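Report on one structure; see the data block that follows.
The values are calculated or read from the model by the stated rules, or taken from the named source; none is laboratory data. This one's a predicted model, so the numbers in the text were calculated from it and none came from an experiment. Methodologically, a virtual Cβ is constructed for each residue, glycine included, from the backbone with ideal geometry; neighbour enumeration extends over all protein chains shown. For accessibility, only protein heavy atoms count, side chains too; no ligands or nucleic acids. Shrake-Rupley method; radii C 1.70, N 1.55, O 1.52, S 1.80 Å.
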Amino acid sequence: VKGMTLIFESSVAIGTTRKISKTIEDLCGLKFGTDLGLAYCPERYNPTPMKKQTPDVDYTISAKGESFTVDRISRVVGGIDEKSTKITKTIYSQFIITDVTELSSIEAAEATKLLENIFRDVNIALVNELSLMFEKLGIDTLKVLDAAKRKYNFQIHYPGAGVGGPCLPINSYQFLNTAKRTGSELNIIKHGRAINEKMPDHVVNLTLDGFKKCNKSIKDSTLLILGVSYKPDVKDIQLSPAEIIIKKLKALGAKIRIYDPYYKDNQVFGINVEHNIQDVLSEVD
């Protein structure tokens, strides 16, 4: 409808919003910037819930332990023109009590969102790579991180079995595709992705080492996977490293059982999730 403003929130590659707008113009016969407004205001939500202080508000928690409601998370906006940017800022300012930052273009807002996520992907990769070395040195990675975070400007990231979810892995490749298109080199992002994608293999190798120390064969042994979501305290298996680990263990002949309180009595990755962890512990190797 003429006079409306269309606002995108999803994490997309740089240039996607404008590209999609061309298709919409062809379909509706109206033009953005003349007949319609267009802006990009990326979501910034953390799906990890805190204990809810009120039943109708979804609280989230930051890495620094600060609690946020949706209205306390700042936003950025870039429009196809100044009018679209101002309209979008006005709309979001009705419920955002912190700030809504105006950017010079849609593409700048798209880049901001990708940078926020890729910052995490790359820093997790750094800690993952260091943790592999620390293992060989007999150093406890978590104790090193706990000591480092006591410095006022250290932003902590944790090692793990890999990086999953709907954002981080995809956003890195969106940036890498943009780099390829523009003839740019993003070697840190590329290397970080490679490290994070190797972490499921490391988990499998640690498992094999454990079986070897016990003089057991992993073939025909039963393994219990504890937790299948891509991060703690969420019910979300999108691109979860657990799926890769399970496939690799099954390929080695292992029998897999799963316990995850978010999925109990359901089926995940083609496997029935146990109802009670106590019932299955005595049946696994």
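Is the stretch 220-229 home to any residue that is surrounded by 17 or more Cβ atoms within 10 Å (Cβ to Cβ), assigned to a loop (DSSP other than H, G, I, E, B) and not small (Gly, Ala, Ser)?
yes
Within the stretch 117-130, does at least one residue satisfy the condition of being open to solvent by 20 Å² or more (accessible area, probe 1.4 Å), under 16 Å from Lys190 (Cα atoms) and polar (S, T, N, Q)?
Yes, that holds for at least one residue.
From the set of residues in the stretch 1-35 that are under 33 Å from the mean Cα position of the chain (by Cα) and of a type in the set (Asp, Glu), which is surrounded by the most Cβ atoms within 10 Å (Cβ to Cβ)?
It comes out as Glu25.
Here are some residues: Ser104, Ser184. Which one is surrounded by fewer than 20 Cβ atoms within 10 Å (Cβ to Cβ), of a type in the set (Ser, Thr, Tyr) and either in contact (Cβ under 8 Å) with a residue 12 or more places away in the chain or at positive phi (or both)?
Ser104
Have a look at Thr85, Thr98, Thr90 and point out the one that is over 16 Å from the mean Cα position of the chain (by Cα), surrounded by fewer than 14 Cβ atoms within 10 Å (Cβ to Cβ), part of a helix (DSSP H, G or I) and not hydrophobic (A, V, I, L, M, F, W, C).
Thr90
Considering only residues that are out of contact with any helix residue (DSSP H, G or I) (no Cβ under 8 Å at 6 or more places or on another chain) and assigned to a strand (DSSP E or B), which ones fall in the stretch 265-285?
Gln267, Val268, Asn272, Val273
Any idea how many residues of the stretch 131-145 are under 28 Å from Asn171 (Cα atoms) and open to solvent by 30 Å² or more (accessible area, probe 1.4 Å)?
Matching residues across the stretch 131-145 total 3.
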